[in-house]
Every structure is written in C-alpha cells, then in structure tokens.
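Everything on this sheet refers to the single structure shown next.
None of the figures in this text is laboratory data; all of them are computed from the coordinates on show. Keep in mind that what you see is a predicted model, and the values were worked out from it rather than measured. Here the Cβ is made from the backbone with ideal geometry for all residues, glycine too, and neighbour counts use every protein chain on show.
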Amino acid sequence: MSAVPAVPAVPAVPAVPAVPAVPAVPGHRAVQLLRSAPELAELAAYPFDFDLDRAEHLEAVHLSSGLALTPVAGDDTGGTYFVCADGALLYADSEGGAGLLADSLDEALEILIGLPGWHDLLGLDPAADDATLRAAFAETEEDQREYYGPELDADRARLLTALGLRATPAPELIRRLHHALRRTEPDHLLLNSEELCAHAPLHRGPDFWQTLPTTAEPDSPLTRAALARRQGRTEAARCVLIRLLDGAGPRDALLLADLAKEFTLLGDTAQATRAHHLRLGLRQPG
C-alpha cells in the first residue's frame, strides 16, 4: 500500500458570518416588497410557505464551493431558503436535504407560489407529458384548498401581481424545479459546517459523478473525480470526493487513503484531514 501523504492540521471551521441586512441580498427586490407590505408577507407565509420571520437555519452550513449564503425565509417544517452570492435560491430542509430551486429569487418565488405543494412533486419524472404533470399538480392543489379554502387561486394571483411575477402553467414550473434541482452540484453543494458532510439531494436521478466524463478502465467515481481535477474542474471533483467520503465505511481504508490524497491535491485540507482521521479511526482496536 502506498504511503498516505502527511496532512497538515487544519484550523477549526470559521464561524458562520452574521446575516447581512436585506439590501445586501442579491435579487432582494421581492423581499423588500414583502417587508414593506405586511399583508403580502402574511400571504407569502401562508399558504405559500415563504415566511420572512423564519429566516434562521437550525445548524451552521456553508457551500463547498465557498459561495456566500444568506438566509432570507423559512417554512413551517423547519426548512430554510438561502440566497447564494450568485443570486440563486437554495432550499435546505430540517432532515439533512438541500437543493437548488432556481437561478434567482424571483424565479424561485414563481415556483413556490405556483406550486405550494412542490415537496410532493419531487418524485415526478419531469419528462412526463403535460397531462401527467397537471394531474399530479391538481392532486396537491386539492390538498392545499382543503386546508386553505377556495380563495387559493385568487390569493395566488394577487401575490404574483403584487410582486411583479408571472403566472406560469404548472407543467412548466415542475420542469423548471426539477431542472434546477439537478444542477445543485457542483456549485451549490451544502455542507454541515461542523461535520463537513454534505446534505442529501432533494431530487431523484443519476448521481452527479455519473454526469462527468471518463477515460479510465475500470470506471469509478474516484477515477472520474481525479480526471475532473486534472481538467481544472475543482468543484466537480470536490463534490464527488465529498459524497464518497460521506459514504465510506469500515472496509474502506484504501478508499479513505485515496480520498485523503485527492483532497490534498485539490488543496482542501479540511476534507483531507477528515478522510485521514476516519482512516486512522479504522485502525483503532475495539
């Protein structure tokens, strides 16, 4: 077995910075409008579950890419909506899942207001025909009306109009949602800041590593990550390696050695140290 390169000690993960004021949030126009009109903010919070008063996540998190995050709202299940430094909107639930909802806050709000039952639409195949997607949407709408009442459509239209947003057919919104979720990695992979492990994807589909090119035989996530690193695709390589590290078990000492080496080559000393320490833990008796 080749020797594992020494991994320098890594300093503690820095504290999550204080949340900036709303004007510093990219794409904050809609948030400003909601804050200036309490009746609209109440409507956004219920039934559309975008509550400005819940903009506080349960744990410290950050993106593996280093892009800054600002929590702007939450929902009644403990989930949080984050605006990223590139303007995209990321959602993190309270169960360890996260995913990109849209490339902007406005686009995300069109989805959240148009599909208030979007959580129940994540299992759909976005390639399904419009009739199938409309039927699934209609089922979630029936549930929403049962709790909210017959004013749902009128209040949806009022909120969209007040925010200057578009009313978009449900099949298009469902496809936009799934397209965004599948683009979460590599640039919007959310990590627990203490443990450095990744949140689970919200969408169902191929793992990210399967979308990367390969020239190696035998093919594996590790060989694809190494190729991405050599090609300068640092974040793509990092995402695959973090997923591999999160899934490593008691029989993966060799894999952990390779992961420590790959993270070191990427310059990610925090994840390299994590892999190294996990491997050392496998050697401990008992």
- Query: Between residue 79 and residues 5 or more places away or on another chain, which pairs have amide H atoms under 5 Å apart, with H built 1.01 Å from N, and which residues are they?
  - Reply: 94
- Message: What is the angle, in °, between the Cα long axis of helix 221-230 and the longest principal axis of the Cα atoms in the chain? Nearest 10 is fine, range 0 to 90.
- Response: 90 degrees
- Angle in degrees between helix 269-283 and the longest Cα principal axis of the chain, rounded to the nearest 10: 60 degrees
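Given charges of +1 on the Cβ of Lys and Arg and -1 on the Cβ of Asp and Glu, with all other atoms neutral, how large is the dipole of the chain about its Cα centre, in debye to the nearest 20? All intermediate terms of the calculation are to be shown ahead of the outcome.
Details: 24 positive and 42 negative charges, 313 e Å.
Around 1500 debye, computed over the chain.
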- Task: Could you tell me the distance between the Cα centroids of the range 100-173 and the range 199-235, to the nearest Å?
- Result: 32 Å
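Suppose only helical runs count, i.e. DSSP H with n ≥ 4. What mean residue ellipticity at 222 nm does that imply for the chain under -39500 (n - 2.57) per run, divided by all residues and rounded to the nearest 500 deg cm²/dmol?
Details: 10 runs with 121 residues, N = 286.
So the helix-based figure for the chain works out to -13000 deg cm²/dmol.
How would you rank 69-75, 238-244, 190-196, highest first, on the average number of other Cβ atoms within 10 Å across their residues? Can you show the working numbers first?
Numbers: 69-75: 22.1, 238-244: 24.7, 190-196: 16.9.
Those peptides, ordered most packed to least, come out 238-244, 69-75, 190-196.
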- Query: For labels at residue 179 and residue 143 in the simple 7 Å Cα→Cβ model, what's the distance in nm?
  - Reply: 2.6 nm
- Message: Projecting each Cα onto the charge dipole of the chain (Lys/Arg +1, Asp/Glu -1 at the beta carbon, about the Cα centre), which of 200, 165, 273 comes out farthest on the positive side?
- Response: 273
